[in-house]
Amino acid sequence: MPQPKIIYFDNAATTPVNNEVLDTYIKVKTSYFANPSSIHSLGQQANRLLDKARLQILDLLKTNDHEVIFTSGATEANNLAIKGYAIKYQNRGKHIISTNVEHPAVKECLKQLEEQFGFQITYLPVDEKGQIDLNQLENAMQKDTILVSIMAVNNETGIIFPIKEIAQIVHKHPLAVFHSDVTQAIGKISLPYEDIDMFSFSGHKIHGLNGTGALIKRKKIELLPLLSGGGQENGFRSGTDDVAGDVALAKALRLSLDTMENNYKHVSLLKEKLEKYLLDNPSEYHLNSSHNPYIINFSTLKKKASVVVEALSNAGIMVSSTSACHAHKEPLSEPVLMMSNDMHLAKNTIRISFDASNTLEEVDIFINKLSSIIGEIK
Ligand code: PMP
């Protein structure tokens, strides 16, 4: 039986690797396989490639004061930034500000700092649009606030946070630094990277490889390393570098930034089509958010979202019910709960996350399939 063509609308969970990026990975992995810490010529060649990748990333993001710490992804980068910074500078103060809609890779770090290390955390709430109030941030800043960690784009709702304004508020306080998890923003929307003291991202969300990522931080910022050992990555992250993965990360970033504007326009067309269908059918769907064209979040009003997602999957259409990281826990979207205060909406969310390779025709197929599934499910 011929298999239906897969339609992949789960790009916020991960993206397929770009062939050019994979070619780069294979080329470096086969020709420059030596350990970049080795002093022989092959090791030094690998080390030069690694340094070139670092400089390329800093150049692409126009971050002059910063340095790159390659990690295994955003989870590790967030852990290093938040725990590494808080523990290093705890003598300056033990207050941290964040939001109540961060990814678990941030939220769980904060919880650990609170429960195990006696930090005080202020979680800024989001309003019905999923947005934070900058006045609340300003009022929450204390003399002992050492860190503010606020994501650039929420992974479930796609809400874009005002990074420039947040940085300005944080920087009025000389002891505080601003960290942002930019995993869902980088290569998709433009960000003032120079204004952010530390930011984290993963390669596999921008068509790079799983297991690659980075923390970019201002050079003057010190961190307590989480991984001790041979002192790689300037002592901040020990362990033999994945030269091929890191060079591939720089390439994936370059390609995503090169095509960012055109991709945004294309994805906006996909979003408009889907948004219109959802808004035209208010008895079946509630649109939770669509102000970022890459992530559209809606809830099913009469049918169970998890059943709809499964039926879509059986028809070859891949979407998420909440974020992939929550998929095996209770299916509930915390960001949607925080913005709506509505348990039904939070338990029945569907997240569509687009990529520039998706087409209007795919959106049409999706809409037709979704509406027939909604009609068929009892
Ligand atoms: N932060 C955000 C906003 C994310 O979307 C993700 C991936 N779901 C992560 C952090 C964690 O990324 P990784 O699993 O690649 O470490």
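The values are calculated or read from the model by the stated rules, or taken from the named source; none is laboratory data. Model, not experiment: these values are computed from the prediction. In this analysis, Cβ positions are derived from the backbone assuming ideal geometry, glycine residues included, and neighbour counts consider all displayed protein chains. To get the accessible areas, we keep the full protein, side chains included, count just its heavy atoms, and leave off ligands, DNA and RNA. Shrake-Rupley method; radii C 1.70, N 1.55, O 1.52, S 1.80 Å.
Against the condition of a type outside the set (Val, Ile, Thr) and either part of a strand (DSSP E or B) or more than 23 Å from Ala13 (Cα to Cα) (or both), how does Asn64 come out, does it pass? Yes; evaluated as a whole, the condition is true for this residue. The condition of being touching a helix residue (DSSP H, G or I) at 6+ places or on another chain (Cβ under 6 Å), at positive phi, of a type outside the set (Asp, Glu) and open to solvent by less than 30 Å² (accessible area, probe 1.4 Å) holds for only one of Gly187, Gly203, Gly208, that being Gly187. Can you tell me which residue in region 1-42 is nearest to Gly231 (Cα to Cα), limited to those that are open to solvent by less than 50 Å² (accessible area, probe 1.4 Å) and part of a helix (DSSP H, G or I)? Across region 1-42, the extreme among qualifying residues is Val28. Looking only at region 121-143, residues that are more than 16 Å from the ligand (Cβ to nearest atom), part of a loop (DSSP other than H, G, I, E, B) and either surrounded by 21 or more Cβ atoms within 10 Å (Cβ to Cβ) or without any contact (Cβ under 8 Å) to a residue 60 or more places away in the chain (or both) come to 5 in all.
Checking Glu233, Glu156, Glu222 one by one, the residue that is of a type in the set (Asp, Glu) and out of contact with any helix residue (DSSP H, G or I) (no Cβ under 6 Å at 6 or more places or on another chain) is Glu233 and no other.
When Ile206, Ile150, Ile146, Ile216 are checked against the criterion of being away from the ligand (no atom under 16 Å from the Cβ) and in contact (Cβ under 8 Å) with a residue 40 or more places away in the chain, Ile146 stands alone in meeting it.
With the structure loaded, tell me whether Gln3 is at pLDDT below 95, away from the ligand (no atom under 16 Å from the Cβ) and more than 21 Å from the chain's Cα centre (by Cα) or whether it fails that test. Yes, satisfied. From the list Asn78, Asn100, the one residue that fits, being open to solvent by 10 Å² or more (accessible area, probe 1.4 Å) and touching a residue at least 60 places away in the same chain (Cβ under 8 Å), is Asn100.
Yes/no matrix, rows are residues, columns are (1) more than 16 Å from the ligand (Cβ to nearest atom); (2) touching a strand residue (DSSP E or B) at 6+ places or on another chain (Cβ under 9 Å):
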position: Asn11; (1), (2): no, yes
position: Ser31; (1), (2): yes, no
position: Ser37; (1), (2): yes, no
position: Arg48; (1), (2): yes, no
position: Leu58; (1), (2): yes, yes
position: Ile69; (1), (2): no, yes
position: Ala77; (1), (2): no, yes
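Given the criteria out of contact with any His (no Cβ under 9 Å at 6 or more places or on another chain), more than 12 Å from the ligand (Cβ to nearest atom) and either among the charged types (D, E, K, R) or free of Cβ contacts under 8 Å to residues at least 24 places away in the same chain (or both), does Asn91 qualify? Taking the combined requirement at face value, the residue satisfies it. Considering each of Gly84, Gly118 in turn, give the residue that is away from the ligand (no atom under 15 Å from the Cβ), of a type in the set (Gly, Ala, Ser), more than 20 Å from the chain's Cα centre (by Cα) and at pLDDT 95 or above. Only one candidate passes the filter, namely Gly118.
Is there a residue in region 169-183 that is more than 16 Å from the chain's Cα centre (by Cα), farther than 27 Å from Lys29 by Cβ and charged (D, E, K, R)? Looking for residues that are more than 16 Å from the chain's Cα centre (by Cα), farther than 27 Å from Lys29 by Cβ and charged (D, E, K, R), one finds at least one in region 169-183, hence yes.
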